[in-house]
Amino acid sequence: MDGQIVNAVTEWDTASFGGGYDGLNDLADAEFSGAIKTASTWAFMLNGNVIGVVDGSLSAFDGADGTAYEAPDPSLPLLYTMQTGDSEKQAEYYTNDTAISEADDTLSSGNFTGYIKLSENVHSGDYYIVYYGGRSMSVAFVGNSRQLFTGDEAFERANDEIGIYRVYAADIDVVDIPETERNTAAAADTGISIDNTPDTDSGAADDGSATTPVPDDDGSTATTGGQPTDASETATNGGGASESTGGEPDATTAAGGAADDSTATASTESTTPDRPPAPPSEPAETTQSTGDTAGGRAANGGSGETQTAGGSATAEASGNANRFSEESEWQNTTTIPSLDPDEEATSSRGQTGDGQQLTQRSPQSSGADSDGQLSRKQLRNRLEDAEAVMEKAEKRHKELIEARDTARQERDEAREERDAAQEKIDELETKLAEAETEIEQLESQLAEAEEAAEAAAEAEPTPSAAAAADVDSGHTLDPVSALEGTSLFVRYDSKGAATLDTAHEGGAAPDELSENLRIDSHTTFETEGLTVDGDPFDEFLENRIEVAFADWIVRDLLYDIQGTGTQSGMRRIYDAIPKIDRIELRGTVELGTDEDDEPIELPYDLIVRDKHGNPLFVATFEESKEAVGGDVVEEVIQDGSEIRQREQEFVAGFSVTTSYFEPGALEAAEDATSGGFLSRSRGKSFVSLSRKRGFHLCLVDRIEDGFDLRVPEL
């Protein structure tokens, strides 16, 4: 089995497993959901049913010990069974073209069995929606720690993601657990045989139904099965009606009735598994006319009553076999039947299954008149079924008409877009021709300039020309150019020692982290012999406030949050620090293009990015003696809001000063982070943009060498 699945399963809590088939039957009785391992063979169970066996067969559990792992959610064994079994990719979509919710509606309405996987081009985690007969359960593994989310929260997270997802069809076959001598003895003690047929002395009848794992509409699972028949139906099986009417059958009749009962039992044993792989089965039919007919036969003679009971049992066993066959076929549906598996099964049995049972039963047991004519009640029932089918067809017809109209509208809109695109192409071709003409002119000018440069090279350079050549050679740079070409990287001497991840989990002391962590610099230019403002490049970089701030973010802020116990209020910043990979000096954050296709960029003194290049933090620095006013803070809020609208990983904007913040700046921060309904539940100094979007606003001052977080206060 796949190693990642094995690692995930073995982290589940263990459950009691006695070993062998007896142990599997105990788990089935407890409606266990999870995985069981013996030797190299795995079995997955959902709600007490074995739904898949991997790397072997169920016989590997015969008399063998093993370990049972209880799933934290019933969706997991169903998903892993599909992933380790035969699954087939059916489609691939981009979320911006077809949303997860749209695909979910289509698959749910089609009784689909399989799963959706959303992971490609998604950086936050892996998302799954598992379908069993159209009913779904959602699973999400988020972050580097693969935190588990299920249910509505997992579905909402998947629906909010942007990426490529695939649809896989899968087959689920419920595997019967063999009965053992212990279970047979236990069944005998209770008066019930192992073939689900009631003891003839118990005076009760069993409909032979069994449970099957079927997800509920809310994403959980439930077991379904047949309902026991009522007293009137019990009376027509096994000769019970003769005793209730006081009639005593003669020896010949009793023998015939026993033979019929034997035939019914044998038929049930051969066609009814212990746990049939099926959706909810129908309760047994009971009608007043059947009871009256049975009572009438008992009064007219015991022989006729016994013969009718035996024939009815045989027909009922045959009907059960047909029903299990139909339900097993439904179970592995991977195309698009109807919305509700129970409703579809009931409808199909009402239209075809009942008709088949009518041909197997005698006219008396089916409620028909002696001449074969249907009763008024049966006609009414059939009329109601027909009206329901008609209503469903009319609804479907209306949906198809609406879909057709929508398709026509989309076609017209596409044609308009095509015409507009053609106009744009013509315009661009004109601009291209103009650009080609301009290029020819520039090439001519360049050739003239090269000729002039060759002539000048023959003359001796003046002192000013030598200085200019020295600048071009890269031996000196101005501070802005030096910072623009420099980036810092977070690296470790050993990945096995203290890292930001282990510090985040409370497993590393500050001195251990500092000893193992490095902040390396990378430049787009040669630094050997380079001076900036008269200082060697390394000294210039070491004394910059940007480098000192980056060191504080990486080495100190996480421990400051831990030490003050504010992990909850600062959760987004706290969880983002271990993701830091690169710190860009004097960089820009891109926000797309404007109406002229010109890039929209926001410049910052420092941008902290993850390994995928997503901006996590941005910072601006005010290095002056003047205090910072409210206009500077409002600009940080406005620009941060623009970034958060486009970048999901963005969590904080910093304003850093070497002076202090005026009251107007603090009031601007308070107004942006404390007002509104949504902001009350988000965290410290949090700017809420919508129910799911926002970022932390942080004001930091540097009076001496260190940095002090003024807003929010820790």
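The values are calculated or read from the model by the stated rules, or taken from the named source; none is laboratory data. Since the structure is predicted, the reported quantities are computational estimates derived from the model, not experimental observations. Methodologically, a virtual Cβ is constructed for each residue, glycine included, from the backbone with ideal geometry; neighbour enumeration extends over all protein chains shown.
Being in a loop (DSSP other than H, G, I, E, B) and under 22 Å from Ile5 (Cα atoms) is the filter here; which residues of the range 41-65 pass it? Let's see the steps before the verdict.
First, the residues of the range 41-65 that are in a loop (DSSP other than H, G, I, E, B): 47-48, 55-57, 62-65.
Hits for the range 41-65 are Asn47, Gly48, Asp55, Gly56, Ser57, Asp65.
Identify, please: which residue in the range 510-532 is assigned to a loop (DSSP other than H, G, I, E, B) and surrounded by 12 or more Cβ atoms within 10 Å (Cβ to Cβ) and is, among those, farthest from the chain's Cα centre (by Cα)? Write out each step before concluding.
In the first step, residues of the range 510-532 are kept if they are assigned to a loop (DSSP other than H, G, I, E, B); the result is 524-530.
With the extra rule that they be surrounded by 12 or more Cβ atoms within 10 Å (Cβ to Cβ), the set shrinks to 525, 527, 530.
On the way: Phe525: 46, Thr527: 49, Leu530: 53 Å.
Within the range 510-532, the match that is farthest from the chain's Cα centre (by Cα) is Leu530.
The set of residues in the range 7-23 being in a helix (DSSP H, G or I), crowded, with 16+ Cβ neighbours inside 10 Å and within 20 Å of the chain's Cα centre (by Cα) consists of Ala8, Val9.
Here Glu70, Glu102, Glu88, Glu92 are screened, and the one residue that is at pLDDT 95 or above and not small (Gly, Ala, Ser) is Glu70. Number of residues in the range 125-164 that are under 18 Å from Asn7 (Cβ atoms), among the hydrophobic types (A, V, I, L, M, F, W, C) and in contact with a Gly (Cβ under 7 Å, 6 or more places away or on another chain) equals 3.
The strands (runs of 3 or more DSSP E) located wholly in the range 119-182 that include 2 or more residues which are under 10 Å from the mean Cα position of the chain (by Cα) occupy 125-132, 135-142, 147-150.
Among the residues of the range 29-40, write down those that are outside any loop (DSSP other than H, G, I, E, B) and either within 27 Å of the chain's Cα centre (by Cα) or at pLDDT 95 or above (or both). Quick ask: steps written out before the conclusion?
Looking only at the range 29-40, we keep the residues that are outside any loop (DSSP other than H, G, I, E, B), and these are 29, 34-38.
Once the filter is applied, which keeps residues that are outside any loop (DSSP other than H, G, I, E, B) and either within 27 Å of the chain's Cα centre (by Cα) or at pLDDT 95 or above (or both), the range 29-40 yields Gly34, Ala35, Ile36, Lys37.
Once the range 569-607 is narrowed to residues that are of a type in the set (A, V, I, L, M) and over 35 Å from the mean Cα position of the chain (by Cα), the residue that is farthest from Phe621 (Cα to Cα) is Leu585. Contact annotation: residue pairs with Cβ atoms under 9 Å, 6 or more positions apart or on different chains, pairing a residue in the range 630-644 that is closer than 14 Å to Glu601 by Cα with a partner that is surrounded by fewer than 18 Cβ atoms within 10 Å (Cβ to Cβ) and among the β-branched types (Val, Ile, Thr), are Glu642/Ile600. Of all residues in the range 14-63 being among the charged types (D, E, K, R) and without any contact (Cβ under 8 Å) to a residue 40 or more places away in the chain, which is nearest to Gln83 (Cα to Cα)? Among them, the one singled out is Lys37. Applying the set (1) in a loop (DSSP other than H, G, I, E, B); (2) under 34 Å from the mean Cα position of the chain (by Cα); (3) closer than 30 Å to Gly653 by Cβ to Val490 leaves exactly one unmet item: (1).
Of these, Val471, Val480, which one is of a type outside the set (S, T, N, Q), under 25 Å from Phe537 (Cα atoms) and at pLDDT below 90? Reasoning before the result, please.
On the way: Val480 fails: at pLDDT below 90.
So the residue among Val471, Val480 that is of a type outside the set (S, T, N, Q), under 25 Å from Phe537 (Cα atoms) and at pLDDT below 90 is Val471.
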